[in-house]
1. For K50, which aspartates and glutamates qualify as cross-link partners when the Cα separation must be under 13 Å and same-chain residues fewer than eight apart are set aside?
2. Take the Cβ-Cβ distance between L8 and T63 as r, set R0 to 22 Å, and report the resulting FRET efficiency rounded to the nearest 0.05.
3. If the elastic network links every pair of Cα atoms under 10 Å, which of G11, G79, G61 fluctuates the most in the Gaussian network model of the chain?
4. Most fluctuating residue of L34, L49, L90 in a GNM of the chain with Cα springs under 10 Å: which is it?
5. Report the one residue of Y39, L90, F80 whose Cα lies farthest in the direction of the positive end of the charge dipole of the chain (charges on C-beta: Lys and Arg +1, Asp and Glu -1; origin at the Cα centre).
6. What ranking of L128, L133 emerges when the number of other C-beta atoms within 10 Å of each C-beta is taken as an exposure proxy, fewest first?
7. Cross-link candidates for K47: which lysines have Cα within less than 18 Å, leaving aside residues fewer than 8 places away along the same chain?
8. With Cβ to Cβ distances under 15 Å as the rule, what net charge do the other residues near I38 carry (K, R +1; D, E -1)?
Amino acid sequence: MDEAVRELVLGWLTKAKHDLASARLLGSGSSPVLDTAIYHCQQAAEKALKAFLLYHGEPFGKTHDLEVLVKLAAQIDAGFSSWQEVAIALTPYATQYRYPGVADPDIAEFKRAFDHATVFCEFVFSRLPDIKLTSG
């Protein structure tokens with residue numbers, strides 16, 4: 001793999017990790033910011049998926065639709081097929097709570113999204129064993 005592509009993949013994975021860390025921080029404490037925290041759950045999954053697709057040379061275009069991205073990934077690795085329900089659950093968080101007029105998610109909804117994003121990102125990271133993320 002070209003070193004520039006490898007660095008870009010690593011960059012996407014690092015951003016995914018940062019989104020998970022942001023979601024964790026924003027979703028905890030006595031005054032959680034759940035609308036923003038849940039957005040970062042979707043973003044973590046999206047960035048991890050895009051890293052995987054980039055690693056395999058698969059173009060993905062400009063989309064936040066995790067279902068589309070999971071279908072592309074499943075063409076490369078059939079293990080992604082089992083993640084369709086998680087993709088469907090997380091996709092709306094790219095926009096659902098980003099603008100006024102919609103009530104914020106409750107803590108239970110956030111925790112489900114965070115758990116989905118965390119387990120999904122761990123799955124994606126495991127599919128890229130030769131890409132080593134440093135802590136942070």
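1. E58, D65, E67
2. According to the calculation, E is roughly 0.80.
3. Of G11, G79, G61, the Gaussian network model singles out G61 as fluctuating most.
4. So, out of L34, L49, L90, the one fluctuating most is L34.
5. Y39
6. Numbers: L128 17, L133 12.
Least crowded to most crowded, the residues run L133, L128.
7. K15, K17, K62, K71, K132
8. It works out to a net charge of -3.
Here, each number is a calculation from the coordinates, and none is a lab measurement. The shown structure was predicted, so the numbers you read here are calculated from the model rather than taken from an experiment. Here the Cβ is made from the backbone with ideal geometry for all residues, glycine too, and neighbour counts use every protein chain on show.
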